[in-house]
Amino acid sequence: MDFRDTPEEAEFRAQVRAWLAANGQKRNSADETFGEGLDDAAKLAAAKAWQAKKAKAGYAAITWPKEAGGLGGTPMQHVIYQQEEAAYVVPGMIFEVSIGMGLPTVMMWAAPELKARFLRPGISGQEIWCQLFSEPAAGSDTGGIRTRAEKQGEEWVISGQKVWTSGAHFCDYGILLTRTDWDKPKQEGLTMFIVDMKAPGVEIRPIHQMSGDSEFNEVFFTDVRIADKYRLGEVNGGWKVMLSTLMQERLSVGGNLPTDLHRHLIALARKCQWDGHPALEDARVRDRIADAYLQQQGVGLIISRGLTALSRGKTPGPEMAITKLVAAKAMQDISAFALELAGPEGMVGFEALGNDWRYMQRLWLGSPGARVAGGTDEVLRNVVAERVLGLPGEIRTDRKVPFRELAG
Amino acid sequence: MNFDFSDDQRLLQEAVCKMLAETSTSVEVRHVLEGRKPYSDGVWHNLIGMGAAAAAIPEAYDGAGLGYLELCLVAEEAGRYLAAVPLSSTFYLAAEAILHGGSEAQKQRWLPAIARGELIATAALGSRETYLGQPALVFDGKTLNGTLPVLADGALAGLLVVRVGDDLVVAELKGAGVTCEALPSLDPTRPYARLGLSAVPAEKLAAAPGAVVAQRVLDGAAVLLAFEQVGGAARILDISREYSLERKAFGRQIGSFQALKHKMADIYTRNELARVHAYYGAWALSSDAPELARAAAAARVAATTAFNFAAEEGIEIHGGIGFTWEMDCHLYYRRARHLGQLLGSEHQWRARLAAELIKEAA
């Protein structure tokens, strides 16, 4: 038992460190974000420039084969790069869907000429991809989508609506799940396509989130035409393609919880007064500091076990689902308690209360989204119960029914 | 990154697991529960014979000379099978106190007898919580006088390590001047006794200050007990899960109801958090890392809450039958509580954890 790198891992880490030191900009504080002060267009241009640099060095798609533009590296090397990059101010959530979902799906399912067309511009960030699965009537139940694709000659005509599409407003292409047969049961009538996000009939509307940000969009399709050669997999074989996309996530050892939340809590509790004493002296506050540590360190250690599996060439198991389950709720609980430290003043926005409060206030407003995104707490509990503990699946009444009857 | 035990360590764990599955059965544990024997002597004999109990005692003192990582895995199995033996008193506390605080002569005198199973020992290293009052003990340099109101395994032990003021004092308990009264225990598989000492020959452990040694031993014991708790918590989840697949209500296996699925997912989640904190504690203990105080407190709190939760909800999952004497659920309910109180309550350790975190953040 030992937390150190193997000699090979240490060597790779040293290379990454040297490259980042020469090319990146070190982070000054935990909540410093990329491109602060730039407008959206300038921020995107800067992000693309960074991605191009990273791709040239081979770090944009570490686990991909070299012939596809990757480094031919191991999942562990990917994780090492991520760990090191975390100390730098880099674009967040711009290329993740391209590299993690869109392009791997193209790599698995598209014809050679399409791979040649899309992979390199995608890796280098010239083109950005989004994922179009969720719909207003199909969230956790992705098989219930209703966006329609109808064949007309050598083209497909798409109509319908997608939702919760990250970054659709700056994306160039998307992988799009559609319904092509309404008389088959829900998961058997689906087909996947590559869609040009700038095509006529594609309309993108930002979603105004409860946090005030707009990271996600609704995407409307009105008679959008897609040539048949952009189909991924068989007609009505879209469910299988989608599962292969989501399988890519199994190698990510997920559940990002900042590792310094208890320190933020301690710093704030030093400055707040309870009954004329620093709140930090109060046993109730100290209990919650201990709780914060137990949750975040626990998540970090579970991830370390996942990394140990990766380091030994194994795939982390479905038990990794608990990292997100614990992390998202912990974020909510810890940030809510941070606000409580200031009592009635805790509701005053950081703009007036002080920058010390920015991090926890943003976390508090963002955490409900974290609990829902990528599987709600309830869906994840089902995953743990069924896939880890082997308990029976939910009773389903929709498995054998033609989708037309369910959608009626 | 290698945050796991080695294959050799897992082999030892499997051997201990197999032995305990065969010998520390429900029937055997109930013999102790119902007062037909004071402890599981056969299980104790096996744990000694395999070199499992003395895994962390060096070979120079007739131990197995393996290490703490091995002892942690032995502890996990002892917890899983509710072994009714004085493992924690003898090996996590008393032997460790002598190993860390004793002179060479003191180690030679007692550790081989402990490692060979000839001597059961116990320790009272100080508690911050009391109702009956702190032990009223006087050590005059040669003899120990006074009473210990509550001592785990007090009636089994032939040797006592006790904190008197800032010193650790060791005394043999089989001679004249020792009175021992067994106390009823909420977990009768783990006994307590009241000890009276009158002019009992005793000596100070060499290392000073004893309080520092005591804290180091308590931290180590917190990690080892966390493994017992993790083992017990995993087992009661297994038992509850199996029952939920057998029992039918409203035409279905009760384990198919989401309310129970989610409850078991929550138990599993807490168990896994406890497990990784225990592993981290094992790493800190075995590498003598400066993080030991923090890691041990975290392991103690996470494992205490996880085992109590699993044991409480285990009965709930079983329903009425879980409340009967014949089902084993209450054995886990009792053991979880015993392990969680033994080294001081969860609240003391939570406070210790917070103090460590605040110290580190300063």
Condition check for B:Leu93: under 12 Å from the mean Cα position of the chain (by Cα) and closer than 18 Å to B:His338 by Cβ: yes
Count of the range A:172-223 residues which are basic (Lys, Arg), within 22 Å of A:Trp109 (Cα to Cα) and either assigned to a strand (DSSP E or B) or out of contact with any Gly (no Cβ under 9 Å at 6 or more places or on another chain) (or both): 1
Condition check for A:Thr397: surrounded by 18 or more Cβ atoms within 10 Å (Cβ to Cβ) and free of Cβ contacts under 8 Å to residues at least 60 places away in the same chain: no
Filter result (surrounded by 17 or more Cβ atoms within 10 Å (Cβ to Cβ) and either part of a helix (DSSP H, G or I) or in contact with a Lys or Arg (Cβ under 9 Å, 6 or more places away or on another chain) (or both)) within the range A:1-14: A:Asp5, A:Glu9, A:Phe12
Residues being away from chain A (no Cβ under 14 Å) and either within 24 Å of B:Phe257 (Cα to Cα) or assigned to a helix (DSSP H, G or I) (or both) - total across the range B:304-362: 29
Hits in the range A:304-336 - residues which are among the polar types (S, T, N, Q) and either more than 11 Å from chain B (Cβ to nearest Cβ) or touching a Gly at 6+ places or on another chain (Cβ under 7 Å) (or both): A:Thr315, A:Thr323, A:Gln332, A:Ser335
Residue satisfying condition, being in a helix (DSSP H, G or I) and either within 22 Å of B:Tyr268 (Cβ to Cβ) or outside the structural domain of A:Ala292 (by TED's automatic domain parsing) (or both), within set A:Ala336, A:Ala330, A:Ala352: A:Ala330
Hits in the range B:226-279 - residues which are of a type in the set (Phe, Trp, Tyr) and crowded, with 23+ Cβ neighbours inside 10 Å: B:Phe227, B:Tyr268, B:Tyr279
Cβ pairs under 8 Å, 6+ apart, first in the range B:93-109 and of a type in the set (S, T, N, Q), second assigned to a helix (DSSP H, G or I): B:Gln106/B:Ile98; B:Gln108/B:Tyr61
Filter result for A:Ala86 (more than 14 Å from A:Gln51 (Cβ to Cβ), in the same structural domain as A:Gly58 (by TED's automatic domain parsing) and within 17 Å of the chain's Cα centre (by Cα)): yes
The range B:176-190, residues that are touching a residue at least 40 places away in the same chain (Cβ under 8 Å) and touching a strand residue (DSSP E or B) at 6+ places or on another chain (Cβ under 9 Å): B:Ser185, B:Arg190
Positions within the range B:280-294 being facing chain A (nearest Cβ under 9 Å) and either part of a helix (DSSP H, G or I) or crowded, with 24+ Cβ neighbours inside 10 Å (or both), in sequence order: B:Tyr280, B:Ala282, B:Trp283, B:Ser286, B:Arg294
The range B:345-357, residues that are surrounded by 20 or more Cβ atoms within 10 Å (Cβ to Cβ) and free of Cβ contacts under 8 Å to residues at least 12 places away in the same chain: B:Ala354
Conditions (1) within 18 Å of the chain's Cα centre (by Cα); (2) within 24 Å of A:Thr63 (Cβ to Cβ); (3) of a type in the set (D, E, K, R); number of the one not met by A:Arg305: (1)
Odd one out for B:Ala199, checked against (1) assigned to a helix (DSSP H, G or I); (2) in contact (Cβ under 8 Å) with a residue 24 or more places away in the chain; (3) farther than 30 Å from B:Asn308 by Cβ: (1)
Top-ranked residue in the range A:258-297 [being facing another protein chain (nearest Cβ under 8 Å) and of a type in the set (A, V, I, L, M, F, W, C); ranked as nearest to the chain's Cα centre (by Cα)]: A:Leu294
Matching entry among B:Val85, B:Val74, B:Val27, B:Val43 (being in a helix (DSSP H, G or I) and either touching a Ser or Thr at 6+ places or on another chain (Cβ under 6 Å) or within 14 Å of another protein chain (Cβ to nearest Cβ) (or both)): B:Val43
Unmet criterion (only one of (1) out of contact with any Phe, Trp or Tyr (no Cβ under 6 Å at 6 or more places or on another chain); (2) surrounded by fewer than 21 Cβ atoms within 10 Å (Cβ to Cβ); (3) in a loop (DSSP other than H, G, I, E, B)) for B:Ser185: (1)
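The values are calculated or read from the model by the stated rules, or taken from the named source; none is laboratory data. Every value quoted in this text rests on a predicted model; they were computed, and no experiment measured them. We place every Cβ from the backbone using ideal geometry, glycine too, and count neighbours over all the protein chains shown.
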